[in-house]
Amino acid sequence: VMALALTACGSNKNEQAASGGEASPSAPASPSEAASPGGEKAVIKVATDASYAPMESMDKDKIVGFDVDFLDAVMKEAGLDYELTNTGWDPLFADLEQGDKSSYDMAISAISITDERKQTFDFSIPYFESVNMILTKEGATIANALELKDKKVAVQGATTAEELMKGIMGEGNADLKRFDSNTLALLELDSGGVDAVVADFAVVQAFVEQHPDKKYAAMYDKTNFAPEYYGIMLPKGSGLKAKIDAAVEKVRASDEYKAMYKEWIGVEPDTTDLVN
Ligand code: ARG
């Protein structure tokens with residue numbers, strides 16, 4: 001008898017299937033959009049890369065963060081049961097790229113809506129305004145993003161930060177170091193392997209606040225880094241988009257949104273630029 005060590009992927013309502021921070025997805029056996037034989041309600045499978053606090057991160061075996069609370073509100077609004085899994089960043093894109101053959105139905109992971117991604121994926125209407133920010137050690141003499149050209153910089157690979165820094169430092173520049181997770185990029189700065197990390201403002205600011213002893217500094221450069229908007233990402237042609245959009249539109253205008261923004265980001269949200 002073979003004892004398969006399957007990661008529990010329970011179909012309990014709104015239950016998280018967090019895989020303990022490991023970036024190894026336990027792919028569900030079948031896509032969840034089809035109704036199960038028993039006629040019970042399908043559970044929507046949602047992927048994330050839970051190494052991007054305060055947006056999504058692991059707290060012991062639970063995924064927590066702004067995106068987690070936002071997703072919950074959206075799915076309640078849409079009347080959908082779901083299950084959130086920590087798949088890691090690259091696997092999330094590799095999966096949803098497979099369209100109707102993908103194992104997951106959607107992803108929420110501080111994913112910026114970009115023209116390039118829109119060629120391969122569908123996105124909900126935007127739910128969060130972001131911008132990339134520069135993280136250095138205090139005392140670093142960097143006035144703006146262009147001055148990172150001759151420095152060593154760490155980024156999470158396949159992010160907008162990587163794209164922006166490729167533009168500044170040059171495509172094949174070995175001083176632009178790419179990591180599978182933002183956590184690894186932050187460790188590289190801590191160990192002195194790089195002069196800076198570029199990542200989304202909420203993540204950079206939270207990191208500075210959480211390590212007062214380490215004397216990190218965070219810097220905006222709104223000239224070289226343009227505003228970005230997060231969307232819930234879906235496989236191209238997903239039948240869920242209309243339902244999700246309607247729910248996002250409601251939740252992003254709610255007091256609940258304001259409260260979760262305050263809780264995770266620390267300030268009041270400015271949602272004026274969140275237009276469809
Ligand atoms: N907003 C950036 C992007 O879409 C970075 C997102 C990284 N998210 C994460 N959970 N690691 O490229």
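Looking across the range 127-150, just one residue is assigned to a loop (DSSP other than H, G, I, E, B) and within 12 Å of the ligand (Cβ to nearest atom), and that is Val131. Among the conditions (1) in contact with a helix residue (DSSP H, G or I) (Cβ under 6 Å, 6 or more places away or on another chain); (2) over 14 Å from Met133 (Cα atoms), the only one that Ala218 does not satisfy is (2). Note on the range 11-120: enclosed strands (runs of 3 or more DSSP E) holding 1 or more residues that are at pLDDT 60 or above, under 28 Å from Pro227 (Cβ atoms) and touching a helix residue (DSSP H, G or I) at 6+ places or on another chain (Cβ under 7 Å) are 43-48, 56-59, 81-86. Scanning the range 135-154 for residues that are over 17 Å from Lys177 (Cβ atoms) and touching a strand residue (DSSP E or B) at 6+ places or on another chain (Cβ under 9 Å) turns up Glu138, Gly139, Ala143, Asn144. Looking across Lys250, Lys215, one residue alone is farther than 17 Å from Asp67 by Cα and among the basic types (Lys, Arg). It is Lys215. Please go through the range 235-265 and pick out each residue that is without any contact (Cβ under 8 Å) to a residue 24 or more places away in the chain and in a loop (DSSP other than H, G, I, E, B). If the condition is that a residue be without any contact (Cβ under 8 Å) to a residue 24 or more places away in the chain and in a loop (DSSP other than H, G, I, E, B), then Ala253 is the only one that fits.
For the range 151-164, the set of residues classified as in a helix (DSSP H, G or I) and closer than 23 Å to Lys215 by Cβ consists of Ala161 only. For Val74, work out the one condition from (1) within 16 Å of the ligand (Cβ to nearest atom); (2) buried (at least 24 other Cβ atoms within 10 Å of the Cβ) it doesn't fulfil. With (1) within 16 Å of the ligand (Cβ to nearest atom); (2) buried (at least 24 other Cβ atoms within 10 Å of the Cβ) applied to Val74, the lone miss is (1). Contact map, the range 148-171: first residue over 19 Å from Pro91 (Cα atoms), second residue within 13 Å of the ligand (Cβ to nearest atom) and of a type in the set (Phe, Trp, Tyr), Cβ cut-off under 7 Å, separation 6 or more or different chains; pairs are Ala154/Phe179; Leu164/Phe225.
Yes or no, residue by residue, for (1) under 14 Å from Ser51 (Cβ atoms); (2) within 16 Å of the ligand (Cβ to nearest atom):
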residue	(1), (2)
Tyr82	no, no
Thr85	yes, yes
Pro91	yes, yes
Leu96	no, yes
Gly99	no, no
Tyr104	no, yes
Ala110	yes, yes
Ile113	no, yes
Glu116	no, yes
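Evaluation of Thr223 against the conditions (1) buried (at least 18 other Cβ atoms within 10 Å of the Cβ); (2) farther than 19 Å from Ala107 by Cα; (3) hydroxyl-bearing (Ser, Thr, Tyr) shows that the sole unmet condition is (1). Scanning the range 46-66 turns up one or more residues that are touching a Gly at 6+ places or on another chain (Cβ under 9 Å) and of a type in the set (Phe, Trp, Tyr).
The values are calculated or read from the model by the stated rules, or taken from the named source; none is laboratory data. Fair warning: this is a prediction, and the values are worked out from it, not measured in the lab. Counting neighbours? That spans all protein chains shown, and the Cβs are built from the backbone with ideal geometry, glycine included.
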